[in-house]
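The values are calculated or read from the model by the stated rules, or taken from the named source; none is laboratory data. Predicted model only: the values in this text are computed from it and were never measured. Because the Cβ atoms are built from the backbone with ideal geometry, glycine has one as well, and the counts that use them run over all protein chains shown. Surface accessibility is based on the protein's heavy atoms, side chains included, excluding ligands, DNA and RNA. Shrake-Rupley method; radii C 1.70, N 1.55, O 1.52, S 1.80 Å.
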Amino acid sequence: MEQNMNLNQLTYFVVVANQESITKAAKILYVSQPAVSKTIKQLEDELSTKLFDRTGRTLKLNRAGKLFYSYVNDSLEELNRGISAVKGGLDQTQYPISLLMEVASPFIPSIVTSIQEKFPNVRLNIAQHNVRETDFKQFDFIITSTPLQGLTNVPVLKEEIFVGWSINYGYSQHFVKPEELVSEKMIGLSANNPLRVTIDKYFLKRDITLNYKYEADDPATVRGIIEAGVGLSFIPSVTWQTISSKVQLARLTPDPLQRTIYLCSPHKNLTNIQREISNELILIFLSFQRSELKI
């Protein structure tokens, strides 16, 4: 059955639960005792469960009430923070936001464009170089393929990593077994790159060593070498979806190669603007997920 509970009911419930008294709650809420009693009864009727154990004039949360309270209290606090965040309008103070993109560098133009359009008061500083773990706290957000210990990690997309080559290379497969790549000339990122680390773990688990004939530390350079038609490489289906249509794709089988990308932050409690930027980054990644490369 559809629930029609409203904000007043939830507010009355929290106050009664805290005061353990209809009389005390009515004084705090500046309403009559019958109004509070009626509201609590309506809430219990809608939930089809009792929330309080009544002893005389004292009301104590029962097991169901304690569970419900844990959700309602957190929700009301979150709502109050939201009201405070927008009350009186959004200010135009300049806010610096620092972003470390360990992966997904092709998304940078879209991220910059979107944030400039929706948050003109944000000054965005983007870094792409690898940093030490102790330096992560200097950033508001980190985009990475490895959850970072001690930070908040939110998965924002999961992508398959295909085998890819230029049509000029003369290779023709739809499915590739990992061991079949041993004799091929491979193009790859440098060994410490996060994408390369993911790939190496996949093949190390299968006791396979690849022959990297060409290596570069810049993803754009690697994509250029792939398009030149001198070897095989690996193409993430979402984050590299802008690669040339002349690049052919095949799936590793029987176990596809995949990775998860995370939005990480050292901040336990985000400011209002950090929360907005976080939500926008998640939406950007979701939008790219919907247009991933297909075989």
Degrees separating the helix 33-47 axis from the principal Cα axis of the chain, which is the longest one: 40
What is the distance, in nm, between label points placed 7 Å from the Cα along the Cα-to-Cβ direction at Glu78 and at Ser245? 4.3
Give me the number: length gained by fully extending Thr49 to Gln94, i.e. 0.36 nm times residue separation minus the C-alpha to C-alpha distance, one decimal in nm. 11.2 nm
Spin-label model distance (nm) - Ser32 vs Ile295, 7 Å beyond Cα toward Cβ: 7.2
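With +1 on the Cβ of every Lys and Arg and -1 on the Cβ of every Asp and Glu, and nothing else charged, how large is the dipole of the chain about its Cα centre, in debye rounded to the nearest 20?
Here the size comes out at about 940 debye.
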Over 21 Å between Cα atoms: which of Lys158/Lys246; Lys24/Lys66; Lys137/Lys201; Lys38/Lys60; Lys177/Lys205 fall into that group? Lys158/Lys246; Lys137/Lys201
Assuming 0.36 nm per residue, please report the length gained on full extension of the stretch Tyr71 to Glu215 beyond their Cα-Cα distance. 46.7 nm
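Between Val182 and Thr271, what is the FRET efficiency for a Förster distance of 41 Å, r being their Cβ-Cβ separation, to the nearest 0.05? Walk me through the intermediate numbers first.
Working: r = 51 Å, r/R0 = 1.24.
Efficiency computed from Cβ-Cβ geometry: 0.20.
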Between 0 and 90 degrees, rounded to the nearest ten: what's the tilt of helix 194-204 against the longest Cα principal axis of the chain? 70
Computed [θ] at 222 nm, deg cm²/dmol, the chain (DSSP H ≥ 4; -39,500 (n - 2.57); rounded to nearest 500): -12000 deg cm²/dmol
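Please list Ser21, Ser291 from largest to smallest accessible area, probe radius 1.4 Å, with all protein chains kept in place.
Ser291, Ser21
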7 Å from Cα along Cα→Cβ at both Asn6 and Ala191: what's the point-to-point distance in nm? 6.8
In terms of Cα to Cα distance under 14 Å, which aspartates and glutamates are near enough to Lys118, apart from those fewer than 8 places away along the same chain? Asp91, Glu276, Glu280
